[in-house]
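The values are calculated or read from the model by the stated rules, or taken from the named source; none is laboratory data. Because the structure is a prediction, the values reported are computed rather than measured. Here the Cβ positions follow ideal geometry from the backbone for every residue, glycine too, while neighbour counts run over all protein chains shown. Note: areas computed on protein heavy atoms with side chains; ligands, DNA, RNA excluded. Shrake-Rupley method; radii C 1.70, N 1.55, O 1.52, S 1.80 Å.
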Amino acid sequence: METILMAPQPLHFHAPHKTPAPRPDAGQRVWTVAEVQALLELPFNDLMFQAQTVHRQHFDPNMVELATLLSVKTGGCPEDCGYCPQSVHFDTGVEAGKLMGVDAVREAAERAKAAGATRFCMGAAWRAPKDRDVEAVAELVKAVKATGLEACATLGMLNDGHAETLRDAGLDYYNHNLDSAPDFYGDIITTRDYQDRLDTLARVRNAGVSVCCGGIVGLGESRLQRAGLIAELANLSPYPESVPINHLVKVEGTPLADQPDLDPLEFVRTIAVARITMPLARVRLSAGRQSMGDAVQALCFVAGANSIFYGDKLLTTGNPDVDADGALLQRLGLRTGKPMPKS
Ligand code: SAM
Ligand code: DTB
Ligand code: SF4
């Protein structure tokens, strides 16, 4: 759906309004890790051609979603995710804060909408929110939905009833990443395990909230492990409606601050393989764009990315400024809106 001038809402309009989610893929198949690895190993041109072909079959190839992120509760997280500046285990200079109030979040959402975003994602540095935290975030979701934006939240592991509370507030997507392959996960995070993540994803799915789930590339994983991550995502049943592929943002003070650089084309390959294996998903070129350069980002769009984080900040780290993004999208002839799979 392209951004168009909105007709006035009828007076009987009731919030929360649920945005129709992309339909599940009736042709979803199972991917072995070896098959995904074989895709990653294709000659680059062949891989780009295949990804672009799949992308064109299902989406307008020149439409990109703009999603704005806001850290509604920053820092002080008890988890030890080795990439994360918000963990209490690492000295990164990120100060712990309290949950933001409704008015400040509403204002941020209104600014994001005025700047052209269609989706607003709220992140909280919690291991798992308490019942009262979820109730407070539900009020934030209602405020975001009242602006007409799609609402997404990422709050950590959810317990029984949490996803339903967020759904009833109008939440469109819940983001919870698998982050890496099962056999690499333990090298990066020790305070919760892979199954915990899968359990939260199942709760989100069962509540009827769309799933936003992806991972991080450049943590020191092997190509086989990148294939393992993509196979895990693609074999979720159904696979996520939204798949953020993050490039590690190296943050001083975290254990991964000095991680050697990944070949940028390997990142592009990962995007392409996400597109091929999850044809109807919105594949998001997520964290790490600030140090990527325009040419690598352009290749990611060729590879089938159709969503980006838009706004000067991610959660605690930087993102390209909106003017630079506007100029890049214009140079590439990309329009912004909500990419929906062709029927
Ligand atoms: N605390 C919640 C959780 O972990 O589920 C939500 C917030 S957490 C910051 C959301 C995601 O941000 C992580 O799963 C990870 O994929 C991504 N992320 C965090 N730090 C990052 C970094 N330095 N570089 C790239 N991605 C990062
Ligand atoms: C996701 O996959 N990436 C976003 C969002 N979901 C919440 C977060 C990126 C965070 C990058 C590090 C930071 O800014 O703190
Ligand atoms: Fe906490 Fe999420 Fe950061 Fe892990 S990624 S330390 S759970 S805020």
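Brief remarks follow.
- Cys residues of the chain counted as unpaired, since no other Cys beta-carbon is under 4.7 Å: C77, C212, C213, C300
- Farthest positive-ward along the stretch 68-188 dipole, Cα basis, beta-carbon charges - from V134, F120, P182: F120
- Contact order relative to length of the chain, as percent, for alpha carbon pairs under 8 angstrom and 6 or more apart: 26
- Probe 1.4 Å, all protein chains present, accessible-area order of R119, R56, R127, largest first: R56, R127, R119
- Given charges at beta-carbon only (K, R positive; D, E negative), |dipole| of the chain in Debye: 1060
- Solvent-accessible area, 1.4 Å probe, carbon plus sulfur percent, for the chain: 54
- Mean-position separation - Cα centroids, the stretch 113-176 and the stretch 67-95, in angstrom: 18
- S343/L198 FRET efficiency (R0 30 Å; Cβ-Cβ; nearest 0.05): 0.45
- A full extension of the chain between A114 and E164 corresponds to an added length of 15.0 nm, given 0.36 nm per residue minus the alpha carbon distance.
- Surface accessible to a 1.4 Å probe, per residue, for the residues of the chain, Å²: 43
- Between the stretch 276-333 and the stretch 205-232, the alpha-carbon center distance in angstrom: 18
- Judged by the mean number of other Cβ atoms found within 10 Å, the most tightly packed of the peptides 256-266, 320-330 leads the ranking 320-330, 256-266.
- Within the chain, helix-based [θ] at 222 nm, where runs of 4 or more DSSP H residues each add -39,500 (n - 2.57), nearest 500: -11500 deg cm²/dmol
- Anisotropy class of the chain from Cα gyration tensor, a/c 1.5 cut: rounded
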